[in-house]
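Here is the structure we will look at, set down as structure tokens.
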Amino acid sequence: MRPARPLRRSAVAAGLLAAAVVPGLPAAPAGAAEATYDDPADATASLTDIRTVAIKHTPAKLRVVVGFTDLRRRSEGGAAGLTIFIDTRKDRRGADFGLTTGLQDGTDYQLLRIRRGHPVGAPLTCPHRVRLGFAGDRLAFDAVRSCLGEPGRVRIGVKMRDDFDPSHPVLDWLGEPRSWTRWVRSS
Ligand SMILES: [Ca+2]
Ligand SMILES: [Ca+2]
């Protein structure tokens, strides 16, 4: 998978503005290192409809946890996959990194640099991993912060594509298509 087109530097979508900050954490954007977002059941043709996304940005690493309607080890049809776009630099338009992964057991995944909407160079080998939790319908992506150039703040976009029926792929974004979360600062 690769980004289909250059990512625009869009404002946070209305759906994301309504998202809730994790209870018990400071609600103010400045200094907050953790944020969660709900996404509606708006891609019900796919079991991997995106329902929640949680971001945790610490001095050590970035963690993104994506929750789905029903994450299963195997698909009876075509495969589904996920792209997490990671924006780390405001002075470069759009995403600076992208994580692509399948959503079935034993899948491969790749973390790539992105410039002007396109992957560049070989997959990164710095410490990062994707774990699929089928019991909890969750995907967890972790990357050490040095993988991403030690960014002071990050924002992400999340896109799911389900090719269960390849003639009718199902797409689901967190929020509006090509939208971003707010910036999440490292503590
Ligand atoms: Ca959804
Ligand atoms: Ca950028």
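The values are calculated or read from the model by the stated rules, or taken from the named source; none is laboratory data. Everything quoted here is computed from the prediction, not taken from an experiment. In this analysis, Cβ positions are derived from the backbone assuming ideal geometry, glycine residues included, and neighbour counts consider all displayed protein chains.
Only a single item in (1) more than 16 Å from ligand 2 (Cβ to nearest atom); (2) within 13 Å of the chain's Cα centre (by Cα); (3) aliphatic (A, V, I, L, M) is not met by residue 80, and it is number (2).
Is the stretch 134-143 home to any residue that is within 16 Å of ligand 1 (Cβ to nearest atom) and surrounded by fewer than 18 Cβ atoms within 10 Å (Cβ to Cβ)? Among the residues of the stretch 134-143, at least one is within 16 Å of ligand 1 (Cβ to nearest atom) and surrounded by fewer than 18 Cβ atoms within 10 Å (Cβ to Cβ), which makes the answer yes.
Being more than 16 Å from ligand 2 (Cβ to nearest atom) and more than 15 Å from residue 142 (Cβ to Cβ) is a description that applies to residue 51.
Residues are listed down the side, and each one gets a yes or a no for (1) of a type outside the set (Val, Ile, Thr); (2) at pLDDT below 50; (3) buried (at least 18 other Cβ atoms within 10 Å of the Cβ):
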position	(1), (2), (3)
5	yes, yes, no
20	yes, yes, no
25	yes, yes, no
44	no, no, no
57	yes, no, yes
81	yes, no, yes
84	no, no, yes
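Among the residues of this structure, residue 181 does not count as one that is touching a Phe, Trp or Tyr at 6+ places or on another chain (Cβ under 9 Å), assigned to a strand (DSSP E or B) and either surrounded by 20 or more Cβ atoms within 10 Å (Cβ to Cβ) or β-branched (Val, Ile, Thr) (or both).
Among the residues of the stretch 28-80, those identified as in a loop (DSSP other than H, G, I, E, B), more than 17 Å from residue 100 (Cα to Cα) and within 16 Å of ligand 1 (Cβ to nearest atom) are 39, 40, 41, 42, 43, 44, 45, 46, 47, 69, 70. Return a yes/no flag: does the stretch 86-105 have any residue that is more than 16 Å from ligand 2 (Cβ to nearest atom), among the hydroxyl-bearing types (Ser, Thr, Tyr) and in contact with a Ser or Thr (Cβ under 9 Å, 6 or more places away or on another chain). The answer is yes, given that some residue of the stretch 86-105 is more than 16 Å from ligand 2 (Cβ to nearest atom), among the hydroxyl-bearing types (Ser, Thr, Tyr) and in contact with a Ser or Thr (Cβ under 9 Å, 6 or more places away or on another chain). Taking every residue in the stretch 71-95 that is farther than 23 Å from residue 178 by Cβ and pairing it with any residue that is part of a strand (DSSP E or B) and more than 16 Å from ligand 1 (Cβ to nearest atom), at least 6 positions away or on another chain, the pairs with Cβ-Cβ distances below 9 Å are 71/132; 71/133; 73/132. Every test in (1) under 20 Å from residue 54 (Cα atoms); (2) buried (at least 19 other Cβ atoms within 10 Å of the Cβ); (3) among the β-branched types (Val, Ile, Thr) is passed by residue 114 save one, and that test is (1).
Taken together, the criteria exclude residue 88 from residues that are within 16 Å of ligand 1 (Cβ to nearest atom) and closer than 20 Å to residue 35 by Cα.
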